[in-house]
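The values are calculated or read from the model by the stated rules, or taken from the named source; none is laboratory data. Bear in mind that the values here come from a model prediction, so they are computed numbers and not experimental data. Cβ placement follows ideal geometry from the backbone for every residue including glycine, while neighbour counts extend to all protein chains displayed. Please note that ligands, DNA and RNA were not included when accessible areas were found on the heavy atoms of the full protein model with its side chains. Shrake-Rupley method; radii C 1.70, N 1.55, O 1.52, S 1.80 Å.
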Amino acid sequence: MRLSAFVRMRLITHNMLTSHVKGVKNGYPLVIKAEDIKEQETDFNPDFISRMITRIEWPALTKAMEMIGHTDQLPEEVPKDYETNNDFLKQAHHALMEIEVITGSLTCPESGREFPIANGIPNMLLNEDEV
Amino acid sequence: MKLRQLEIALEDAKPFQEPKIQLEQYVTTPHLAACLLHTAETQFGDICGKNVCDLGCGCGILSIGSSLLGANHCLGIDIDEDALEIFQSNCEAYELNNVVECIQADIARFSPSRNMILAKRFDTVLMNPPFGTKSNKGIDMEFLHAASILASHAVYSLHKSSTRAHIVKKANDFGMQAQVVAEMRYNLESSYKFHKKKSKDIEVDFIRFTITTG
Ligand SMILES: C[S@@+](CC[C@H](N)C(=O)[O-])C[C@H]1O[C@@H](n2cnc3c(N)ncnc32)[C@H](O)[C@@H]1O
(Lines give C-alpha, C1' and ligand atoms only; values in the text may rest on other atoms or scores of the structure.)
Protein backbone atom coordinates (compact mmCIF):
# COMPACT_ATOMS: atom_id res chain seq x y z
CA MET A 1 0.00 0.00 0.00
CA ARG A 2 1.22 3.44 -0.84
CA LEU A 3 1.53 6.21 1.69
CA SER A 4 -1.35 8.62 1.83
CA ALA A 5 -0.87 11.62 -0.40
CA PHE A 6 0.15 14.96 1.01
CA VAL A 7 -1.99 18.03 0.79
CA ARG A 8 0.23 20.05 -1.51
CA MET A 9 -0.23 22.12 -4.62
CA ARG A 10 -0.37 20.23 -7.90
CA LEU A 11 -0.30 21.60 -11.39
CA ILE A 12 -4.08 21.24 -11.77
CA THR A 13 -4.40 24.11 -9.32
CA HIS A 14 -1.57 26.10 -10.87
CA ASN A 15 -3.51 25.82 -14.12
CA MET A 16 -6.46 27.65 -12.56
CA LEU A 17 -4.66 30.35 -10.61
CA THR A 18 -4.24 33.83 -12.02
CA SER A 19 -2.73 36.99 -10.62
CA HIS A 20 -5.33 39.43 -9.39
CA VAL A 21 -2.96 42.23 -8.41
CA LYS A 22 -4.49 45.65 -9.03
CA GLY A 23 -3.94 46.95 -12.53
CA VAL A 24 -2.71 43.66 -13.98
CA LYS A 25 -4.32 42.81 -17.30
CA ASN A 26 -2.73 39.52 -18.13
CA GLY A 27 -1.76 37.63 -15.00
CA TYR A 28 -1.79 34.19 -16.53
CA PRO A 29 -0.14 31.76 -16.29
CA LEU A 30 1.82 32.34 -13.12
CA VAL A 31 5.50 31.56 -13.40
CA ILE A 32 6.45 28.67 -11.16
CA LYS A 33 9.69 28.65 -9.29
CA ALA A 34 10.01 25.33 -7.55
CA GLU A 35 12.67 24.81 -4.93
CA ASP A 36 11.31 21.55 -3.68
CA ILE A 37 9.03 19.22 -5.62
CA LYS A 38 8.04 15.61 -5.14
CA GLU A 39 6.24 13.11 -7.28
CA GLN A 40 3.60 10.95 -5.73
CA GLU A 41 1.52 8.37 -7.53
CA THR A 42 -2.23 8.86 -7.20
CA ASP A 43 -5.22 6.90 -8.44
CA PHE A 44 -5.71 7.33 -12.16
CA ASN A 45 -9.27 7.92 -13.23
CA PRO A 46 -9.45 8.26 -17.03
CA ASP A 47 -13.04 9.58 -17.06
CA PHE A 48 -12.18 12.34 -14.66
CA ILE A 49 -9.03 13.39 -16.49
CA SER A 50 -10.81 13.32 -19.81
CA ARG A 51 -13.51 15.59 -18.41
CA MET A 52 -10.91 17.94 -16.94
CA ILE A 53 -9.05 18.24 -20.24
CA THR A 54 -11.83 20.45 -21.55
CA ARG A 55 -11.28 22.84 -18.63
CA ILE A 56 -7.50 22.84 -18.62
CA GLU A 57 -5.47 25.49 -20.40
CA TRP A 58 -3.20 23.04 -22.16
CA PRO A 59 -0.44 25.47 -23.23
CA ALA A 60 -0.17 26.67 -19.62
CA LEU A 61 0.23 23.08 -18.46
CA THR A 62 2.99 22.27 -20.91
CA LYS A 63 4.69 25.51 -19.93
CA ALA A 64 4.36 24.66 -16.24
CA MET A 65 5.99 21.29 -16.84
CA GLU A 66 8.89 23.02 -18.55
CA MET A 67 9.21 25.54 -15.74
CA ILE A 68 9.71 22.77 -13.23
CA GLY A 69 12.20 21.05 -15.45
CA HIS A 70 10.02 18.23 -16.82
CA THR A 71 10.55 18.87 -20.49
CA ASP A 72 9.20 16.79 -23.36
CA GLN A 73 6.70 14.90 -21.27
CA LEU A 74 3.56 16.25 -22.86
CA PRO A 75 2.43 16.66 -26.46
CA GLU A 76 2.17 20.25 -27.59
CA GLU A 77 -1.51 19.90 -28.27
CA VAL A 78 -4.34 17.83 -26.93
CA PRO A 79 -4.82 14.96 -29.38
CA LYS A 80 -8.21 14.76 -31.10
CA ASP A 81 -8.87 11.30 -29.73
CA TYR A 82 -8.01 12.36 -26.18
CA GLU A 83 -11.11 10.80 -24.65
CA THR A 84 -10.02 7.30 -25.62
CA ASN A 85 -6.27 7.83 -25.76
CA ASN A 86 -5.22 6.14 -22.55
CA ASP A 87 -1.52 6.90 -22.89
CA PHE A 88 -2.26 10.55 -23.30
CA LEU A 89 -4.69 10.60 -20.37
CA LYS A 90 -2.05 8.96 -18.19
CA GLN A 91 0.50 11.60 -19.13
CA ALA A 92 -2.03 14.31 -18.40
CA HIS A 93 -2.91 12.68 -15.09
CA HIS A 94 0.72 12.60 -14.09
CA ALA A 95 1.25 16.25 -14.97
CA LEU A 96 -1.94 17.50 -13.33
CA MET A 97 -2.20 15.35 -10.23
CA GLU A 98 1.10 13.75 -9.30
CA ILE A 99 3.62 16.53 -9.01
CA GLU A 100 3.64 18.25 -5.64
CA VAL A 101 5.18 21.69 -5.29
CA ILE A 102 6.31 21.95 -1.68
CA THR A 103 8.43 25.10 -1.61
CA GLY A 104 8.79 27.86 -4.17
CA SER A 105 6.75 30.66 -5.57
CA LEU A 106 4.28 31.73 -8.22
CA THR A 107 5.12 34.98 -9.97
CA CYS A 108 2.70 37.27 -11.75
CA PRO A 109 3.98 37.48 -15.35
CA GLU A 110 3.02 41.14 -15.64
CA SER A 111 3.73 42.81 -12.28
CA GLY A 112 6.42 40.46 -11.03
CA ARG A 113 4.58 40.08 -7.71
CA GLU A 114 5.58 36.82 -6.04
CA PHE A 115 3.14 34.57 -4.27
CA PRO A 116 5.12 32.29 -1.99
CA ILE A 117 4.49 28.57 -1.67
CA ALA A 118 5.44 27.09 1.69
CA ASN A 119 4.58 23.65 2.95
CA GLY A 120 2.76 22.97 -0.28
CA ILE A 121 0.38 25.91 0.22
CA PRO A 122 0.42 28.92 -2.12
CA ASN A 123 -0.31 32.18 -0.39
CA MET A 124 -2.45 34.31 -2.71
CA LEU A 125 -3.23 37.04 -0.19
CA LEU A 126 -2.72 40.60 -1.40
CA ASN A 127 -1.67 43.66 0.56
CA GLU A 128 -4.11 46.50 0.95
CA ASP A 129 -2.44 48.60 -1.76
CA GLU A 130 -2.65 45.77 -4.29
CA VAL A 131 -6.40 45.32 -4.28
CA MET B 1 -21.13 4.84 2.23
CA LYS B 2 -24.14 5.12 4.51
CA LEU B 3 -25.06 8.41 6.12
CA ARG B 4 -24.37 7.15 9.62
CA GLN B 5 -21.01 5.69 8.59
CA LEU B 6 -20.01 8.99 7.06
CA GLU B 7 -20.99 10.88 10.19
CA ILE B 8 -18.95 8.55 12.38
CA ALA B 9 -15.97 8.81 10.04
CA LEU B 10 -16.13 12.61 10.18
CA GLU B 11 -16.01 12.64 13.96
CA ASP B 12 -12.24 12.06 13.78
CA ALA B 13 -11.59 15.43 12.14
CA LYS B 14 -9.91 17.80 14.57
CA PRO B 15 -11.63 21.15 15.15
CA PHE B 16 -10.05 24.62 15.33
CA GLN B 17 -7.44 24.88 18.08
CA GLU B 18 -8.03 28.53 18.84
CA PRO B 19 -11.02 29.62 16.78
CA LYS B 20 -10.84 33.20 15.53
CA ILE B 21 -14.20 34.76 16.20
CA GLN B 22 -13.77 37.51 13.62
CA LEU B 23 -13.35 34.82 10.93
CA GLU B 24 -16.33 32.89 12.31
CA GLN B 25 -14.29 29.78 12.82
CA TYR B 26 -16.77 27.24 14.04
CA VAL B 27 -16.86 23.80 12.47
CA THR B 28 -19.72 22.22 10.64
CA THR B 29 -20.73 19.40 12.95
CA PRO B 30 -20.12 15.87 11.67
CA HIS B 31 -23.88 15.37 11.64
CA LEU B 32 -24.59 18.44 9.54
CA ALA B 33 -21.63 17.85 7.23
CA ALA B 34 -22.65 14.23 6.68
CA CYS B 35 -26.27 15.20 5.91
CA LEU B 36 -25.18 17.85 3.46
CA LEU B 37 -22.67 15.67 1.63
CA HIS B 38 -24.76 12.53 1.65
CA THR B 39 -27.70 14.43 0.17
CA ALA B 40 -25.47 16.08 -2.44
CA GLU B 41 -24.28 12.65 -3.50
CA THR B 42 -27.34 10.41 -3.21
CA GLN B 43 -29.98 12.87 -4.38
CA PHE B 44 -28.02 14.86 -6.90
CA GLY B 45 -24.87 12.94 -7.79
CA ASP B 46 -22.72 16.01 -7.23
CA ILE B 47 -19.74 14.52 -5.34
CA CYS B 48 -18.46 11.19 -6.64
CA GLY B 49 -16.12 11.63 -9.61
CA LYS B 50 -16.30 15.40 -9.34
CA ASN B 51 -13.90 18.30 -9.04
CA VAL B 52 -14.86 19.99 -5.79
CA CYS B 53 -13.98 23.35 -4.26
CA ASP B 54 -14.38 23.91 -0.51
CA LEU B 55 -14.72 27.64 0.19
CA GLY B 56 -13.62 28.68 3.67
CA CYS B 57 -12.42 25.14 4.17
CA GLY B 58 -11.35 25.59 7.79
CA CYS B 59 -10.35 22.26 9.32
CA GLY B 60 -11.55 20.43 6.25
CA ILE B 61 -14.60 18.44 7.26
CA LEU B 62 -16.36 19.10 3.93
CA SER B 63 -13.27 18.25 1.88
CA ILE B 64 -12.69 15.07 3.83
CA GLY B 65 -16.32 14.04 3.56
CA SER B 66 -16.47 14.65 -0.17
CA SER B 67 -13.22 12.74 -0.61
CA LEU B 68 -14.68 9.81 1.32
CA LEU B 69 -17.67 9.93 -1.03
CA GLY B 70 -15.43 9.70 -4.07
CA ALA B 71 -14.68 13.23 -5.25
CA ASN B 72 -11.64 13.00 -7.54
CA HIS B 73 -10.08 16.29 -6.68
CA CYS B 74 -10.73 18.77 -3.95
CA LEU B 75 -9.35 22.27 -3.45
CA GLY B 76 -9.78 23.97 -0.08
CA ILE B 77 -9.52 27.76 0.18
CA ASP B 78 -9.18 29.65 3.45
CA ILE B 79 -7.77 32.99 4.52
CA ASP B 80 -6.23 31.67 7.71
CA GLU B 81 -2.97 29.76 7.78
CA ASP B 82 -3.60 28.22 11.18
CA ALA B 83 -6.80 26.71 9.84
CA LEU B 84 -4.97 25.44 6.76
CA GLU B 85 -2.40 23.75 8.94
CA ILE B 86 -5.17 21.79 10.64
CA PHE B 87 -6.77 21.19 7.23
CA GLN B 88 -3.54 19.64 6.00
CA SER B 89 -2.98 17.41 8.98
CA ASN B 90 -6.63 16.32 9.09
CA CYS B 91 -6.70 15.38 5.41
CA GLU B 92 -3.39 13.59 5.63
CA ALA B 93 -4.54 11.62 8.68
CA TYR B 94 -7.50 10.20 6.73
CA GLU B 95 -5.20 8.66 4.10
CA LEU B 96 -7.55 9.73 1.34
CA ASN B 97 -7.23 8.19 -2.12
CA ASN B 98 -7.89 11.33 -4.08
CA VAL B 99 -5.94 14.53 -4.51
CA VAL B 100 -6.67 17.24 -1.96
CA GLU B 101 -4.97 20.64 -2.05
CA CYS B 102 -5.41 23.97 -0.37
CA ILE B 103 -4.53 27.59 -0.98
CA GLN B 104 -4.53 30.62 1.26
CA ALA B 105 -6.68 33.36 -0.21
CA ASP B 106 -9.30 35.94 0.65
CA ILE B 107 -12.63 34.94 -0.81
CA ALA B 108 -13.84 38.54 -0.58
CA ARG B 109 -11.31 39.33 -3.33
CA PHE B 110 -13.03 37.29 -6.03
CA SER B 111 -14.55 39.21 -8.86
CA PRO B 112 -15.43 38.25 -12.40
CA SER B 113 -13.22 40.99 -13.82
CA ARG B 114 -10.16 40.30 -11.73
CA ASN B 115 -10.13 36.62 -10.91
CA MET B 116 -7.63 34.72 -8.87
CA ILE B 117 -9.06 31.46 -10.13
CA LEU B 118 -10.34 30.86 -13.65
CA ALA B 119 -14.12 30.56 -13.80
CA LYS B 120 -16.12 27.34 -13.94
CA ARG B 121 -13.26 24.92 -13.31
CA PHE B 122 -15.14 23.07 -10.56
CA ASP B 123 -18.22 20.91 -10.82
CA THR B 124 -19.34 21.49 -7.27
CA VAL B 125 -18.63 24.12 -4.64
CA LEU B 126 -19.22 23.34 -0.97
CA MET B 127 -19.25 25.87 1.82
CA ASN B 128 -20.40 26.80 5.26
CA PRO B 129 -19.73 30.51 4.92
CA PRO B 130 -19.37 33.03 7.71
CA PHE B 131 -22.80 34.51 8.34
CA GLY B 132 -21.34 37.98 8.48
CA THR B 133 -21.10 40.01 11.65
CA LYS B 134 -20.82 43.73 12.26
CA SER B 135 -17.18 43.84 11.19
CA ASN B 136 -17.52 41.72 8.07
CA LYS B 137 -21.06 42.39 6.97
CA GLY B 138 -21.90 40.88 3.60
CA ILE B 139 -19.19 38.24 3.68
CA ASP B 140 -21.81 35.51 3.09
CA MET B 141 -22.68 37.25 -0.17
CA GLU B 142 -19.02 37.45 -1.14
CA PHE B 143 -18.79 33.70 -0.64
CA LEU B 144 -21.94 33.13 -2.66
CA HIS B 145 -20.59 35.32 -5.44
CA ALA B 146 -17.25 33.51 -5.50
CA ALA B 147 -19.07 30.17 -5.56
CA SER B 148 -21.14 31.29 -8.54
CA ILE B 149 -17.93 32.09 -10.41
CA LEU B 150 -16.12 28.87 -9.53
CA ALA B 151 -18.88 26.28 -9.95
CA SER B 152 -19.98 25.01 -13.33
CA HIS B 153 -22.83 22.99 -11.94
CA ALA B 154 -23.90 23.19 -8.29
CA VAL B 155 -23.21 24.97 -5.01
CA TYR B 156 -24.11 23.67 -1.55
CA SER B 157 -24.26 26.06 1.34
CA LEU B 158 -25.72 26.81 4.75
CA HIS B 159 -27.42 30.14 5.45
CA LYS B 160 -29.46 31.60 8.26
CA SER B 161 -33.10 30.87 7.53
CA SER B 162 -33.95 34.44 8.48
CA THR B 163 -32.00 35.68 5.44
CA ARG B 164 -33.63 33.31 2.96
CA ALA B 165 -35.44 35.83 0.76
CA HIS B 166 -32.30 37.92 0.38
CA ILE B 167 -30.14 34.89 -0.43
CA VAL B 168 -32.55 33.64 -3.07
CA LYS B 169 -32.62 37.04 -4.74
CA LYS B 170 -28.84 37.51 -4.64
CA ALA B 171 -28.32 34.02 -6.02
CA ASN B 172 -30.52 35.01 -8.95
CA ASP B 173 -28.38 38.08 -9.56
CA PHE B 174 -25.34 35.80 -9.61
CA GLY B 175 -26.90 33.47 -12.18
CA MET B 176 -27.97 30.74 -9.82
CA GLN B 177 -31.23 29.22 -8.77
CA ALA B 178 -31.69 28.40 -5.10
CA GLN B 179 -33.49 25.39 -3.76
CA VAL B 180 -33.88 24.94 -0.01
CA VAL B 181 -33.14 21.27 0.49
CA ALA B 182 -33.65 21.15 4.24
CA GLU B 183 -34.11 23.32 7.27
CA MET B 184 -31.68 22.45 9.99
CA ARG B 185 -30.70 23.50 13.44
CA TYR B 186 -27.20 24.54 14.17
CA ASN B 187 -25.81 24.79 17.63
CA LEU B 188 -23.10 27.39 17.27
CA GLU B 189 -22.18 27.50 20.91
CA SER B 190 -21.32 23.84 21.02
CA SER B 191 -19.05 24.39 18.03
CA TYR B 192 -17.18 27.11 19.84
CA LYS B 193 -16.12 24.70 22.53
CA PHE B 194 -15.06 27.35 25.04
CA HIS B 195 -18.44 29.05 25.06
CA LYS B 196 -19.99 28.96 28.52
CA LYS B 197 -23.40 30.44 27.86
CA LYS B 198 -26.43 28.23 27.62
CA SER B 199 -26.49 26.92 24.12
CA LYS B 200 -29.08 28.04 21.66
CA ASP B 201 -29.90 26.60 18.27
CA ILE B 202 -30.12 28.79 15.24
CA GLU B 203 -32.11 27.86 12.19
CA VAL B 204 -30.20 27.39 9.00
CA ASP B 205 -31.24 26.53 5.48
CA PHE B 206 -29.33 23.89 3.63
CA ILE B 207 -29.47 25.28 0.10
CA ARG B 208 -28.50 23.82 -3.24
CA PHE B 209 -27.84 26.38 -5.95
CA THR B 210 -27.72 25.41 -9.58
CA ILE B 211 -25.93 27.46 -12.17
CA THR B 212 -28.41 28.83 -14.66
CA THR B 213 -26.10 30.94 -16.81
CA GLY B 214 -22.72 30.03 -18.21
C1 LIG C 1 -17.99 28.70 9.54
S2 LIG C 1 -16.30 28.29 9.22
C3 LIG C 1 -16.49 26.79 8.29
C4 LIG C 1 -15.25 25.91 8.30
C5 LIG C 1 -15.31 24.61 7.55
N6 LIG C 1 -15.64 24.79 6.14
C7 LIG C 1 -16.31 23.65 8.16
O8 LIG C 1 -17.29 23.38 7.48
O9 LIG C 1 -16.10 23.20 9.27
C10 LIG C 1 -15.85 29.55 8.05
C11 LIG C 1 -14.43 29.49 7.51
O12 LIG C 1 -14.24 30.55 6.57
C13 LIG C 1 -12.96 31.12 6.73
N14 LIG C 1 -13.02 32.50 6.26
C15 LIG C 1 -13.61 33.56 6.85
N16 LIG C 1 -13.49 34.67 6.10
C17 LIG C 1 -12.79 34.30 4.98
C18 LIG C 1 -12.35 34.99 3.81
N19 LIG C 1 -12.58 36.30 3.62
N20 LIG C 1 -11.69 34.29 2.86
C21 LIG C 1 -11.44 32.97 3.02
N22 LIG C 1 -11.84 32.28 4.10
C23 LIG C 1 -12.51 32.92 5.07
C24 LIG C 1 -12.65 30.98 8.20
O25 LIG C 1 -11.26 30.99 8.45
C26 LIG C 1 -13.33 29.63 8.53
O27 LIG C 1 -12.41 28.57 8.40
- line: Against the 2.2 N^0.38 Å rule of thumb, the C-alpha Rg of region A:28-99 sits at a ratio of 1.08
message: Classify region B:1-127 from the C-alpha gyration tensor, please: rounded if a/c falls under 1.5, else prolate or oblate depending on whether a/b exceeds b/c.
response: oblate
statement: In region A:88-131, the residues losing 50 Å² or more of accessible area (1.4 Å probe, heavy atoms of protein chains only) relative to their chain alone are A:Ile121, A:Leu125, A:Val131
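How big is the C-alpha Rg of chain A next to the rule-of-thumb value 2.2 N^0.38 Å, as a ratio? Provide the component values of the computation, followed by the final result.
Working: Rg = 15.3 Å, N = 131, 2.2 N^0.38 = 14.0 Å.
With N residues counted in chain A, Rg over 2.2 N^0.38 Å equals 1.09.
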field: Over region B:1-69, volume per residue of the alpha carbon convex hull, in Å³
entry: 76 Å³
- prompt: Looking only at other chains, what is the average number of their beta-carbon atoms within 10 angstrom of each beta-carbon in A:37-44?
  reply: 1
Kirkwood Rh in Å, taken over the protein assembly as shown so that all alpha-carbon pairs contribute: 20.4 Å
query: How about region B:82-169: which GluC sites (Glu not before Pro) there lie in a loop by DSSP and see at most 15 other Cβ atoms within 10 Å?
result: B:Glu95
- prompt: Largest first, how would B:Lys2, A:Lys22, B:Lys170 line up by accessible area (1.4 Å probe)?
  reply: B:Lys2, A:Lys22, B:Lys170
- prompt: Hey, any idea what the orientation-averaged projected area of the convex hull of region B:3-211's Cα atoms comes to, in nm²?
  reply: 10.6 nm²
